[in-house]
Amino acid sequence: MIERLRGATTATVAGVAAGWLALALLVWAYGEAPAAIAGQLLSGTWGMPYGIGQVLYKATPLLLTGVAVELALRAGLFNIGAEGQLAVAGLAVATLGAHLPRGTPAWLALPAVLAIAPLAGAAWAVVPAILRARFGAHEVISTIMMNRIADAAVGLALARGLAIPGTVRTPDVVPGARLPRLEALGLTSLHGSAVSFALPLAVVVAALAAVWLARSRVGREVVLVGLSPTACAAERIPVARRLAAALVLSGAVAGLAAVAPVLGYKGYFESGLGAGAGFGGIAVALLGRGHPVGLVLSALLFGTLEQGGLVINARVPMEVTTVLQGVIIVAVALADARVRAALLGRGRAR
Amino acid sequence: MAALLALERLDKRYGAVHAVADVSLAFEAGRLHAVVGENGAGKSTLLKMAAGVVVPDAGEVVIDGVRLDQHTAREAIARGIGMVQQHFALVGVLSALDNVMLGAEPVRALGRLDVERARARAVAVAREMGVSLPWEAPVETLGVGDRQRLEIVRTLVREARVVILDEPTAVLTPGEAAALYTTLRRLADAGRAVVVVTHHLDEVRDHADTVSVIRRGKLVSSRPMNRRDGEAMAALTRDIMGEGPPPRLERRARQLGEVQLELRDVRRGRALRGVTLRVRAGEIVGVAGVEGNGQRELVRVLAGLEPVDGGVVQAGPVAVVHEDRHAEGLVLAASVRDNLVLGELARFARLGMVDGAALEREARGRLERARVVPPDLDAPAAALSGGNQQKIVVARAVARAERGARVLVLAQPTRGVDLGAARAIHAEIAAAAEAGRAVLLVSADLGELRTLCDRILVMARGRIVTELPPDAPDARIGEAMLGGDAAPGAEARP
């Protein structure tokens, strides 16, 4: 166990270090001083309350999609579909939120909109889950396919009536369906940043997911199925049902990620809102190494880089932080046996 | 005659498993040499080393007096060693001829393919083998027999003088198998050394010039087949199964109760061709037979992992120890705790959450009873020795039998297990029967069957061919394993 942890940490540290090195080289190639840019990146994020708030805001959906991808990975499945699950859920949340009676109190409105998000995400994951469980179709292919369908379906739904005519955004949700910003707690120094109660919600979900995997009957069986479907089938564990459950639950958590931008920030859904968090969740899960604390730290790192890119954009293109993220992902993914197993090893495992 | 291919003191370990231990063997030109032994005895590893597919830890592969030095498949092929693997390596969408050429394409100037030359060569080889093949047809449209002939053509086009075939008849119908041996005989007569790995003793009896037996990684015997009578075959059976003193076990009289497991004319694909048997409560019934005669499918049917095509299975709840503990018995990366109760989490769940304390008590109890050393529930199953792993699998099945399963089915429960663990497992099996379970024990180990069983059923070609008392002479059992009632040639399996 300790051994495994050490190996995981080494890979993570090496990956992050390699990423920063790549960033330094790029910055230097742009004729700027790497140290100065890195300093600006850090002071613009963790160096000021607004920056911290923005990092936390960006980290919120990443944490949830990270948990989503992790849930599937535990079953030996690679959910690439968080992106589409999040988009569909975002539209569903905003549409329901906007159509509630104007004066709906928060105690009624919030549970409704918070419930529709995972339901929509789960519904979008049902198709790949059935394809995998019934026909053995590789979930990487089918979830990518569902992402493209989500793109088209969301666009179509917006154009055909869900959006305010002439725009690509939905009407505002009713006030009772808004998630309060954390500054409502009296953290006035966060003023202006979009971090909301979606953040503590995400942390709770990460913890619940870990408990579910470790303590619940279905969760434990999901993990065992991920380790050896053959042995589980021989002992009459319903392998196909467990795989489907993991994928649908993964979709539900990915759908929940939509509440951060929709209910905590904008108050409506627009084309492209939250885009990228689904794929970002893959990186968060890989870097998080299967531990809830790891997932939180990893979401914070990627949130920092996203916000940091905006901070340094005036001097070097913000895409240099994307390069940094990319290098980290590739390095860590290569070191992650689960990724290799999910992508390559299934055939060999019989 | 001098050996064409000589294996000299080959040795190979995979982790703690000594797959091949200091084996020396010589294969002569003009002879058909059969290599036999249980699954996992090391036959395939040995011959893969000969073909350059596996690099030996120690020892030499010598062809024509010169040793291989790189141990790559490329080198072995260049030196005239060809191997037809159990799972064919053909490209389905390409034509038969394309597959023959693949990797050895004759070319004209500027690298253009010389298809005509390739075809002429393939046709010549096929004529020598006495077969014809549809060269233009995509391989995926070919039957399994044609595919195998194609694989042989491939090795011969590359001028193989030693042709190694790993269980070539496993996928063939009896007619095809007979035709295969006709072809192999022609190859031998033309001066090649032909090596065949097989589980079928009747093939050895009918076709081999020499037979070598591998058991637990070691060469047990290697002898010319100049006697093919029952006594010689019994000696061969003994070599394969081992004799030695059977593990000690005090037999106590058991009360036989009602029939708990009954199969009537059960059929499944080509593997089970009408199995009929009954096991009563308190009875241990053994199933003997050369592997690959339907035992594996029988166990899978009893475990409910495969449907039957016909016939009747009547059984109460069944607890099963599967043959392959690494693939089917254990989740290797999971803890000993999880493995001890694999598939039983529902019992420990309240409102969907697992009662960790109850699970811990149960797992601890099973672990202590199985005397796994060290008694560490947190260790991954992969970290345990084979004997301890098997104790876990058996403990789980026995516990399940105590908790309501009326039938206990065990397949090769002590394979690859040290003597101490084997005795402990035997004691558990006997205790389960004394407690009134109906036990079906499928084993390739005659000593084990004699020690434990009340009756021994001999299985051959997907049928129970005879029933013998546990003290029947080896020769009787060996003869029955040849499957008296069937046609010569190999049985097919799906």
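Each value in this text was obtained by applying a stated rule to the coordinates, not by laboratory testing. For clarity, every value in this text was computed on a predicted model and none was experimentally measured. Note: ideal-geometry Cβ built from the backbone for every residue, glycine included; neighbour counts use all protein chains shown.
Placing unit charges on the Cβ atoms of the charged side chains and taking the dipole of chain B about its Cα centre, the candidate lying farthest along the positive direction among B:Ala370, B:Thr155, B:Phe348 is B:Phe348. When the Cα atoms of the range B:3-226 are aligned to their principal axes, the ranges along those axes come out at 48, 40, 31 Å in descending order. Each eigenvalue of the Cα gyration tensor of chain B, multiplied by 5 and square-rooted, gives one semi-axis; in descending order these are 43, 25, 23 Å.
Let me make sure I get this right: for the range A:215-271, a, b and c are the square roots of the gyration tensor eigenvalues over alpha carbons, sorted descending. Under 1.5 in a/c it's rounded, otherwise prolate if a/b > b/c, else oblate. Which is it?
Details: a/c = 5.05, a/b = 3.57, b/c = 1.41.
Prolate.
Counting only alpha carbon atoms, the long axis of helix B:386-402 and the longest principal axis of chain B meet at about 50°. Only one residue of B:Val308, B:Val204, B:Ala50 has its Cα farthest out toward the positive end of the dipole of the protein assembly as shown, where Lys and Arg carry +1 and Asp and Glu -1 on Cβ, and that residue is B:Val308.
Annotation: the residues B:Phe27, A:Phe279, A:Phe197, sorted from fewest to most other C-beta atoms within 10 Å of their own C-beta, follow the order A:Phe279, A:Phe197, B:Phe27. Once backbone amide H atoms are built at 1.01 Å from N, B:Val195 has B:His33, B:Val163, B:Ile164, B:Leu165 as its partners under 5 Å, excluding neighbours fewer than 5 places away on the same chain.
When the gyration tensor of the range B:223-340 is built from Cα positions, what are the square roots of 5 times its three eigenvalues, in whole Å, from largest to smallest?
Values: eigenvalues 159, 94, 80 Å².
The answer is 28, 22, 20 Å, longest axis first.
Summarised in one figure, the compactness ratio Rg/Rh of the range B:148-194, Cα atoms and Kirkwood Rh, is 0.95. If you take the square roots of the eigenvalues of the alpha-carbon gyration tensor of the range A:86-211 and sort them as a ≥ b ≥ c, do you get rounded (a/c under 1.5), prolate (a/b over b/c) or oblate? It comes out oblate by the Cα gyration axes.
When only C-alpha pairs under 8 Å and at least 6 residues apart count, what is the relative contact order of the range B:334-404, in percent?
Details: 60 pairs, mean separation 30.1, N = 71.
Relative contact order of the range B:334-404: 42 percent.
The alpha carbons of the range A:161-240 occupy a box of 55, 39, 19 Å along the principal axes, longest dimension given first. The modelled label-to-label distance between B:Val313 and A:Ala157, using points 7 Å beyond Cα along the C-beta direction, is 4.6 nm.
So for the range A:26-142, considering every pair of alpha-carbon atoms, how many percent are separated by more than 16 Å? Pairs farther apart than 16 Å: 73 percent. Once every Cα of the range A:118-192 carries one equal point scatterer and solvent is ignored, give the base-10 log of I(q)/I(0) from the Debye formula at q = 0.13, 0.24, 0.26 Å⁻¹, two decimals. Here log10 of I(q) over I(0) equals -0.68, -1.04, -1.12. Over all pairs of different C-alpha atoms in the protein assembly as shown, the reciprocal of the mean inverse distance, the Kirkwood hydrodynamic radius, equals 31.0 Å. Tell me the angle of helix B:419-434 to the major Cα principal axis of chain B, expressed in degrees between 0 and 90 and rounded to the nearest ten. Tilt of helix B:419-434: around 50 degrees.
As an exercise, use a Förster radius of 41 Å and the Cβ-Cβ distance of B:Arg278 and A:His138 to find the FRET efficiency, rounded to the nearest 0.05.
0.35
Farthest toward the positive end of the dipole of the range B:3-226, out of B:Pro224, B:Ile63, B:Thr169, is the Cα of B:Ile63, where the dipole comes from beta carbon charges about the Cα centre.
Quick check: net charge around A:Gly264, other residues with Cβ under 9 Å of its Cβ, Lys/Arg +1 and Asp/Glu -1? Don't skip to the end; give the middle numbers.
Numbers: positive: A:Arg178, A:Arg181, A:Lys266; negative: none.
Combined, the nearby Lys, Arg, Asp and Glu give +3.
I want to verify a result. In a Gaussian network model of chain A, Cα cutoff 10 Å, which of these has the top mean-square fluctuation: A:Leu100, A:Leu243, A:Leu256? Answer for the Gaussian network model of chain A: A:Leu100. If eta is 1.306 mPa s and T is 10 °C, what Stokes-Einstein diffusion coefficient results for the range B:21-94, Kirkwood Rh from Cα pairs, in µm²/s? My calculation gives 116 µm²/s for D. Rounded to a whole number, what is D in µm²/s for chain A from Stokes-Einstein with the Kirkwood radius over alpha-carbon pairs (4 °C, 1.567 mPa s)? Calculated translational D: 62 µm²/s.
Each principal axis of the range B:151-293 carries a Cα extent, and these read 64, 37, 27 Å when sorted largest first. Charges were assigned to the Cβ only: +1 to each Lys and Arg, -1 to each Asp and Glu. The resulting dipole of the range B:370-451 about its Cα centre is roughly 240 debye.
For the range A:2-345, what is the relative contact order in percent, using Cα pairs closer than 8 Å and at least 6 residues apart in sequence?
Details: 624 pairs, mean separation 124.0, N = 344.
Relative contact order comes out at 36 percent.
Give, to the nearest whole percent, the P(r) tail of the range B:334-404 beyond 19 angstrom, counting all Cα pairs. Cα-Cα pairs of the range B:334-404 separated by over 19 Å account for 27 percent. In this calculation the C-beta distance from B:Val66 to B:Gln255 is compared with R0 = 51 Å, giving a FRET efficiency of 0.15. Measuring nothing but alpha carbons in the range A:15-62 and taking Rh as the Kirkwood radius, the Rg to Rh ratio lands at 1.07.
In this label model, A:Leu119 and B:Glu136 are separated by 6.2 nm, measuring between points 7 Å along each Cα→Cβ vector.
Calculated [222 nm] ellipticity per residue, helices only, for chain A: -23000 deg cm²/dmol; basis is -39500 (n - 2.57) per DSSP H run with n ≥ 4, divided by all residues, nearest 500.
Computed from label points 7 Å out along Cα-Cβ, the spacing between B:Arg403 and B:Arg364 is 1.7 nm.
Please report, in debye to the nearest 20, how large the charge dipole of chain B is about its Cα centre when each Lys and Arg carries +1 at its beta carbon and each Asp and Glu carries -1 there. Write out the running numbers ahead of the final one.
On the way: 67 positive and 65 negative charges, 76 e Å.
The dipole of chain B has a size of about 360 debye.
Altogether, the Stokes-Einstein calculation at 20 °C and 1.002 mPa s, with the Kirkwood radius of the range B:326-453 over Cα pairs as Rh, returns a diffusion coefficient of 143 µm²/s.
About its Cα centre, what dipole magnitude does chain A give when the only charges are +1 on Lys and Arg Cβ and -1 on Asp and Glu Cβ, stated in debye to the nearest 20?
On the way: 26 positive and 14 negative charges, 219 e Å.
It works out to roughly 1060 debye.
Inverting the pair-averaged 1/r between distinct Cα atoms of the range B:88-157 gives 12.0 Å as its Kirkwood hydrodynamic radius.
Given 0.36 nm per residue, what is the gain on full extension from A:Ala35 to A:Leu187 after removing their alpha carbon distance, in nm? Don't skip to the answer; put the middle values down first.
Numbers: separation 152, 0.36 × 152 = 54.72 nm, distance 3.15 nm.
Stretched fully, the A:Ala35-A:Leu187 segment lengthens by 51.6 nm.
Taking the C-alpha atoms only, the angle from helix B:115-129 to the longest principal axis of chain B is near 60 degrees.
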